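I have placed the structure first, in the form of structure tokens, so that the comments after it can refer back to it.
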Amino acid sequence: MGETPRRTATKRHYLMCRPTHFEVTYAINPWMNPDKPMDAGLALAQWERIRDLYLGFGHEVSFIDPVPGLPDMVFSANGATVVDGKVLIAKFRHQERAAEADAHRAWFEDRGYTEVRVPRYVNEGEGDFAPAGRRILAGAGFRSDPGAHEELREFFGLPVVGLTLTDPRFYHLDTALFVLDEDLVAYYPAAFSEESREVLRELYPDAILATREDADAFGLNAVSDGLNVVVTETATHLIDELRARGFEPHGVDMSELLKAGGAVKCITQEIRRP
Ligand code: ARG
């Protein structure tokens with residue numbers, strides 16, 4: 001093993017939505033079971049801990065008001081994709097979440113964002129789209145329509161790398177892969193088609209490969225600022241790997257939001273300015 005690389009954080013701007021109306025009232029992914037009890041107070045405490053970590057790292061955090069009747073709105077990463085100050089609004093696969101897109105559109109328009117695009121194709125925001133340096137990794141297979149990838153490329157003017165998800169438990173790209181810095185990612189190979197694994201191997205020969213246990217623990221649904229990585233604490237192999245690569249992992253308990261099939265990244269939309 002060579003020397004551990006030195007990592008540096010860059011200041012981020014995140015958009016979060018308080019889980020005031022969070023509940024599991026329907027099942028649109030294999031993790032959701034409306035009959036299973038959920039502790040709303042604990043869900044809020046777990047969300048607040050993540051908000052406080054971001055503020056402690058010196059990042060800017062903005063908030064979008066939760067809307068009654070939209071229990072998944074806490075997963076703000078799904079509402080839009082923002083790169084260079086341009087906003088591609090989501091268009092949800094399931095009717096249950098459709099109105100979240102309107103709330104995100106209003107949020108950005110009310111704050112003076114001028115390039116706000118309402119899409120033609122289904123896309124679930126950063127659930128499936130992961131900007132990485134000057135390219136965007138884009139998942140499809142369960143939620144986002146492959147047609148959305150072309151729309152993404154056109155709107156942002158950046159190369160888009162399409163990746164196909166094959167395991168219904170990892171239904172969004174951000175459940176199977178996250179961006180550590182411009183040219184480094186961590187991912188769980190078994191969540192992808194053979195072709196997509198080949199693409200990832202070529203683009204990221206040094207990637208951190210997560211184990212099945214890491215993926216099951218939602219460890220890939222993590223957020224990195226280039227140094228600090230907020231990650232579910234049960235993804236122990238991944239946490240060791242992150243440390244060995246010079247990152248500073250911050251383990252968090254996400255037991256309640258996991259009952260809706262989401263963890264750290266899902267509740268964190270990144271607003272990328274020009
Ligand atoms: N219950 C939500 C859904 O199935 C969870 C979304 C998780 N968000 C994410 N970025 N993966 O749509």
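The values are calculated or read from the model by the stated rules, or taken from the named source; none is laboratory data. If you're wondering where the values come from, they're calculated on a predicted model, not measured in any experiment. Don't worry about glycine lacking a Cβ; one is built from the backbone with ideal geometry, like all the others, and counts go over all protein chains shown.
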Fill in the blank from the handout: Within the range 225-274, of all residues that are among the small types (Gly, Ala, Ser) and touching a Lys or Arg at 6+ places or on another chain (Cβ under 9 Å), the one nearest to the ligand (Cβ to nearest atom) is 261
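Just wondering, is there one or more residues in the range 71-93 that are of a type in the set (Gly, Ala, Ser), part of a strand (DSSP E or B) and touching a strand residue (DSSP E or B) at 6+ places or on another chain (Cβ under 9 Å)?
Quick first cut of the range 71-93, residues of a type in the set (Gly, Ala, Ser) only: 76-77, 79-80, 85, 90.
Filter once more, so that each one left must be part of a strand (DSSP E or B): 80.
If we keep only those that are touching a strand residue (DSSP E or B) at 6+ places or on another chain (Cβ under 9 Å) as well, we get 80.
The answer is yes, given that some residue of the range 71-93 is of a type in the set (Gly, Ala, Ser), part of a strand (DSSP E or B) and touching a strand residue (DSSP E or B) at 6+ places or on another chain (Cβ under 9 Å).
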Handout entry: Subset of the range 1-56 that is modelled with pLDDT of 95 or more and of a type in the set (Gly, Ala, Ser) - its residue that is surrounded by the most Cβ atoms within 10 Å (Cβ to Cβ)
Key = 43
Exercise for the section: Taking residue 15 as meeting all but one of (1) within 16 Å of the ligand (Cβ to nearest atom); (2) within 20 Å of residue 259 (Cβ to Cβ), write down the number of the exception. Expected result: (2)
Handout entry: Failed item in (1) on the phi > 0 side of the Ramachandran plot; (2) near the ligand (Cβ under 10 Å from one of its atoms), with residue 71 passing the rest
Key = (1)
Exercise for the section: Just need a number here: residues in the range 114-150 that are out of contact with any Lys or Arg (no Cβ under 8 Å at 6 or more places or on another chain), farther than 22 Å from residue 174 by Cα and surrounded by 14 or more Cβ atoms within 10 Å (Cβ to Cβ). Expected result: 0
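Scanning for something within 16 Å of the ligand (Cβ to nearest atom) and either touching a residue at least 40 places away in the same chain (Cβ under 8 Å) or on the phi > 0 side of the Ramachandran plot (or both), does the range 191-213 turn up at least one residue?
Initial filter on the range 191-213 (within 16 Å of the ligand (Cβ to nearest atom)): 191-192, 210.
Cutting the leftovers down to either touching a residue at least 40 places away in the same chain (Cβ under 8 Å) or on the phi > 0 side of the Ramachandran plot (or both) gives us none.
Within the range 191-213, not a single residue is within 16 Å of the ligand (Cβ to nearest atom) and either touching a residue at least 40 places away in the same chain (Cβ under 8 Å) or on the phi > 0 side of the Ramachandran plot (or both).
Results for (1) farther than 25 Å from residue 245 by Cβ; (2) touching a residue at least 12 places away in the same chain (Cβ under 8 Å); (3) more than 14 Å from the ligand (Cβ to nearest atom); (4) in contact with a Leu (Cβ under 8 Å, 6 or more places away or on another chain), shown as yes or no for each residue.
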{"site": "146", "(1), (2), (3), (4)": "yes, yes, yes, no"}
{"site": "154", "(1), (2), (3), (4)": "yes, no, yes, no"}
{"site": "161", "(1), (2), (3), (4)": "no, yes, yes, yes"}
{"site": "169", "(1), (2), (3), (4)": "yes, yes, no, no"}
{"site": "173", "(1), (2), (3), (4)": "no, yes, no, yes"}
{"site": "178", "(1), (2), (3), (4)": "no, yes, no, yes"}
{"site": "183", "(1), (2), (3), (4)": "no, yes, yes, no"}
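Quick one: which residue in 92, 108 is within 14 Å of the ligand (Cβ to nearest atom) and crowded, with 20+ Cβ neighbours inside 10 Å? So that I can check it myself, show each step before the final result.
Numbers: 108 fails: within 14 Å of the ligand (Cβ to nearest atom).
Unique residue meeting the criteria: 92.
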